[in-house]
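J.: Sharing a structure below in structure tokens format, with a few things to ask.
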Amino acid sequence: MAASTAVILLGGFLLLQQATEGILRTKQDQALAEAAVALDTAQRSLQAADLSRSNVNEVLTRLAIEAASRGVASGQYEVVVQGPVSDIQSPRVSAQSVPESLRAQVAGEEGTWVTPTQVRWTDGSEPVPGVAVGGSLVAPGSGRYAIYFIFPLTSELATLEVVQRAVTTTGTLLVLALTVVAAVVARQVVDPVREARLTAERLAAGQLDDRLPVRGTDDLASLAVSMNHMASELQQQIGRLEGLSQVQQQFVSDVSHELRTPLTTVRMAAEVLHENREDFDPVSARSAELLYHEVDRFEGLLADLLEISRFDAGAAVLSCEETDLLELVEREMSAQAAFAERSGTPLRLFRPPQPCTAEVDPRRITRVLRNLVTNAIEHGERRPIDIRLASDSTAAAITVRDHGIGFEAAQVDQVFHRFWRADPSRARTVGGTGLGLAIALEDAHLHGGWLDAWARPGLGAQFRLTVPRVHGTALHGSPLPDLPADPRPAAPPPAARPALLPGTVTS
């Protein structure tokens, strides 16, 4: 409607402008022709007048009255004559209707001149636009006298008003008609597109049985056919993928369960061999030790695979309770103290200034902490590991910061992939399964929280766990920053310096 209105306004303006110019041009031509005839008649009357019996002023007055009578009779013009004493004018028109510019032109040169003017009336009526034509009358022996013919544009203005009303009415009706047509056409196009959008949203939401109705044979009908075909193919593909995923999950779960029985037997045998390894030769004793430790790792891998299969199947559940996160951190640091001391890595806990509690599953949060702390010890290069806690009104957060080898910033998302390692050539010192961070991320998501990472090569890494203090509420921020407070590497401790026990360094 706005575009149609703009086009109609522009077209109406141009139409009115052309009509106005044409009417004014025609009126000026008619005025010049009428004035030329009246001027010639007045000049002949002036030459035939006997100036010896009457003065020039009387003759000019009579000529003005005669010319005005002819003009009024034809409804064309009024007359103003410049006499010897004062202007002689028609009874209705004022001498002020003659522009000064026209007076100057007539006084300066002989000829006929025309110019637009405002026609002023002696009875006080509103001035109207008009055309003034000026010329000269030559009286024998008395000189030149100016005569002006005033042509009001009353009828022309009425014509222009009729044209303007016609243009306005036609433009308004045309705009309304174009708007209705555009609305109908747009609705015919937009409604199917809107229906296609809604159907696509329902398909994206999992309602794969939805289909678009096909009407007609136009392009929109072809679009509906294509979308229906796409939905059918997508439904089949998703069905096949779901079947494969269920088979895979069931396979992993069944294998993990079935391996527990032989694994128990192997563990018993490994424990017997490990306890009697001193009676074996060195090679057999070492083999017994390796068997004992690898059975532990294999058992951990089975447990992680079972947990991953629960996440994949959507069967993981939370057992939330109000928990003191500081207590969980201290307990886990105590559990990892021996490993940290063997690795020569100090563990530093920065206690929060206020209690840090949240509704969480303690077992899962402890597992997240265990993965983060053991990874930090393994990759920390014997430099201190900083653990911080903080909370606000809606969220609680824990960060584990090491100053070890780190990894590239582009690999931040990859560290949570299953079985991913930043350096495949680097040996594991704790025998991890490669699923720890993937499980930790799933545990964080299960709580409705975040687990994100920051790292730089040679500057170490920081992992931040953020969970809502009240289970089920949405997170809008974390009380701890995602960037470490000190991104510079920390110096390794002296060889003789013992590792700090949990809680010995506080702030």
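J.: Under 21 Å from Leu306 (Cβ atoms), assigned to a helix (DSSP H, G or I) and within 60 Å of the chain's Cα centre (by Cα): does that describe Thr265?
T.: no
J.: So, in region 456-473, of the ones that are under 32 Å from the mean Cα position of the chain (by Cα) and crowded, with 17+ Cβ neighbours inside 10 Å, which residue ends up farthest from Thr357 (Cα to Cα)?
T.: Arg464
J.: Could you say which residue among Gly314, Gly380 is open to solvent by 60 Å² or more (accessible area, probe 1.4 Å) and either within 47 Å of the chain's Cα centre (by Cα) or aromatic (Phe, Trp, Tyr) (or both)?
T.: Gly314
J.: Considering (1) farther than 22 Å from Pro481 by Cα; (2) open to solvent by 10 Å² or more (accessible area, probe 1.4 Å); (3) not in a helix (DSSP H, G or I), say which one Arg388 fails and leave the rest.
T.: (1)
J.: Let me ask something else. Output the number of residues of region 337-361 satisfying the condition of being polar (S, T, N, Q), in contact (Cβ under 8 Å) with a residue 40 or more places away in the chain and out of contact with any Leu (no Cβ under 7 Å at 6 or more places or on another chain).
T.: Residues meeting the conditions: 2.
J.: For Arg240, are the conditions met, namely being open to solvent by 80 Å² or more (accessible area, probe 1.4 Å) and either among the hydrophobic types (A, V, I, L, M, F, W, C) or farther than 30 Å from Gly300 by Cα (or both)?
T.: Yes.
J.: Here's another thing I want to ask about it. What's the number of the only condition in (1) assigned to a helix (DSSP H, G or I); (2) more than 30 Å from Leu305 (Cα to Cα) that Val214 fails to meet?
T.: Of the numbered conditions (1) assigned to a helix (DSSP H, G or I); (2) more than 30 Å from Leu305 (Cα to Cα), the odd one out for Val214 is (1).
J.: Something else: Only one of Val266, Val283 is open to solvent by 80 Å² or more (accessible area, probe 1.4 Å) and either closer than 30 Å to Arg464 by Cβ or of a type in the set (A, V, I, L, M) (or both). Can you tell me which?
T.: Every option except Val283 fails the conditions.
J.: Output the residue which, of all residues in region 176-193 that are modelled with pLDDT under 85 and open to solvent by 80 Å² or more (accessible area, probe 1.4 Å), is nearest to Thr5 (Cα to Cα).
T.: Here the residue is Arg187.
J.: Still on this structure, please answer the following. Just a yes or no: is a residue in region 116-135 outside any strand (DSSP E or B), open to solvent by 40 Å² or more (accessible area, probe 1.4 Å) and among the basic types (Lys, Arg)?
T.: Within region 116-135 (the criterion being outside any strand (DSSP E or B), open to solvent by 40 Å² or more (accessible area, probe 1.4 Å) and among the basic types (Lys, Arg)), the answer is yes, since at least one residue qualifies.
J.: Report, by residue number, each residue of region 219-237 that is free of Cβ contacts under 8 Å to residues at least 24 places away in the same chain and open to solvent by less than 50 Å² (accessible area, probe 1.4 Å).
T.: The answer is Ala221, Asn228, Ser232.
J.: In addition: Could you say whether any residue in region 329-340 is closer than 24 Å to His445 by Cα, open to solvent by less than 30 Å² (accessible area, probe 1.4 Å) and within 47 Å of the chain's Cα centre (by Cα)?
T.: Yes: one or more hits.
J.: If you take the residues of region 218-240 that are out of contact with any Leu (no Cβ under 9 Å at 6 or more places or on another chain) and among the hydroxyl-bearing types (Ser, Thr, Tyr), which of them is farthest from Arg197 (Cα to Cα)?
T.: So, considering only residues that are out of contact with any Leu (no Cβ under 9 Å at 6 or more places or on another chain) and among the hydroxyl-bearing types (Ser, Thr, Tyr), the one farthest from Arg197 (Cα to Cα) is Ser222.
J.: Any idea which residue in region 391-409 is surrounded by the most Cβ atoms within 10 Å (Cβ to Cβ), counting only those that are under 22 Å from Leu435 (Cβ atoms) and not β-branched (Val, Ile, Thr)?
T.: By that ranking, first place goes to Asp402.
The values are calculated or read from the model by the stated rules, or taken from the named source; none is laboratory data. These numbers come from a predicted model, not from an experiment. Glycine also receives a Cβ, built like all others from the backbone with ideal geometry; neighbour counts cover every protein chain displayed. Just so you know, the surface numbers come from the protein's heavy atoms only, side chains and all, with ligands and any DNA or RNA stripped out. Shrake-Rupley method; radii C 1.70, N 1.55, O 1.52, S 1.80 Å.
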